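All remarks here apply to the structure that follows.
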Amino acid sequence: MSGLDAHQLSLNTATVRPQWTLAQCIDGAARHGFGGISPWRDKLHEMGTDPAAKAIRDAGLRVSGLCRGGMFTADGPLSTEVMDDNRRAVDEAATIGADCLVMVVGGLQPDSRDLPAAWDTVEEGLSRTLDHARGAGVKVAIEPLHPMYAADRACVNTMGHALDICDRLGEGIGVAVDVYHVWWDPDLSRQIERAGRDRLMAFHLCDWLVPTRDLLTDRGMMGDGVIDLPGLRRQVEAHGFDGLNEVEIFSAENWWKRDADEVLATVVERGRTAC
């Protein structure tokens with residue numbers, strides 16, 4: 001299986017989060033030949049949604065996703081503030097032409113040990129947000145996170161659980177497959193097939209280092225860890241995914257300390273040789 005050319009890659013702005021503004025990310029992605037970009041909303045807000053949309057279009061970049069909506073359990077059961085923020089996220093995704101709005105759904109509610117209640121709150125929040133997203137022409141992608149994040153970041157931790165929610169909610173919702181979070185799942189292959197073309201909305205690349213020094217901010221560059229990246233890419237493509245391959249690397253002690261152009265050059269090289 002051949003590797004990825006630069007135009008098949010999308011730069012998630014988290015990969016050079018400390019080094020570059022969104023304007024610099026747009027320029028850098030274009031200079032290095034990337035096909036797209038995926039902004040985090042804090043970077044988008046710093047630049048302004050409308051100016052960012054214009055700059056992305058002018059650079060000829062596709063928007064593989066907007067990170068992130070969700071966190072439905074942050075203030076208890078679906079606070080007005082949380083729901084308003086998710087509606088804004090949908091509108092921002094529409095403005096920049098994002099392929100999908102990525103949802104990190106939230107963990108346990110404050111001072112709670114009731115995981116089923118968190119699941120119910122998340123599904124209700126997704127349902128309400130999806131109503132607005134359908135009207136705006138925005139697809140919603142649930143990103144299952146590794147179980148280590150179940151308490152505080154995302155209580156949806158497997159592709160199977162995410163797709164069960166999608167089955168109940170219907171059109172316009174699917175999954176963002178982040179290899180860092182799902183590579184370990186023994187049922188992953190079956191769930192990728194189950195998702196199919198319409199629900200495989202995003203594919204995120206990085207690697208799992210051994211040892212991992214920090215579970216949030218020590219992701220590896222592709223090829224430096226243990227994930228079978230070509231194998232996973234082969235699976236999602238076999239079942240219909242034809243979007244950009246989005247590189248999202250949180251790396252406080254390594255890649256965030258390097259020159260951003262060096263990081264992007266390495267991403268391009270590893271896309272070609274390790275993916």
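Calculated from DSSP H runs of 4 or more alone, at -39500 (n - 2.57) each and per residue, what is the 222 nm mean residue ellipticity of the chain, nearest 500? Let's see the in-between values first.
Working: 10 runs with 118 residues, N = 275.
Dividing the helical sum by the residues of the chain leaves -13500 deg cm²/dmol.
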> Gaussian network model of the chain, Cα springs within a sub-10 Å range: biggest mean-square fluctuation belongs to which of K139, K43, K257?
Replying inline: K257
>> Suppose all protein chains stay in the model; what accessible area per residue would a 1.4 Å probe give for the chain, in Å²?
In response: 40 Å²
> Using a 1.4 angstrom probe and counting only protein chains, how large is the accessible area of D75 in Å², to 10?
Replying inline: 90 Å²
>> Looking at the stretch 28-124 only, what percent of DSSP beta bridges run antiparallel? Nearest 5 please.
In response: 0 percent
>> Run through the stretch 163-233 and list the chymotrypsin sites (Phe, Trp or Tyr not before Pro) located in a DSSP loop whose Cβ has at most 14 other Cβ atoms within 10 Å.
In response: W184
>> Need the list of aspartates and glutamates near K54 for cross-linking: C-alpha distance under 15 angstrom, and skip anything on the same chain fewer than eight residues off.
In response: D27, E46, E92
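Return the percentage of antiparallel bridges among DSSP beta bridges fully within the chain, rounded to the nearest 5 %.
Of all bridge pairs located within the chain, approximately 5 percent are antiparallel.
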> Percent relative contact order of the chain, based on C-alpha pairs within less than 8 angstrom and at least six residues apart?
Replying inline: 21 percent
>> What percentages make up the Cα-Cα pair-distance distribution of the stretch 24-156 when the bins are 5 Å wide from 0?
In response: 2, 11, 21, 20, 17, 13, 9, 5, 2, 0
>> How large a share of the accessible area of the chain, in percent, is made up of carbon and sulfur atoms when the probe is 1.4 Å and the other protein chains stay in place?
In response: 47 percent
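The values are calculated or read from the model by the stated rules, or taken from the named source; none is laboratory data. Bear in mind the structure is a predicted one, so any value in this text is a computation, not a measurement. Don't worry about glycine lacking a Cβ; one is built from the backbone with ideal geometry, like all the others, and counts go over all protein chains shown. The accessibility values were calculated without ligands, DNA or RNA, using every heavy atom of the protein model including side chains. Shrake-Rupley method; radii C 1.70, N 1.55, O 1.52, S 1.80 Å.
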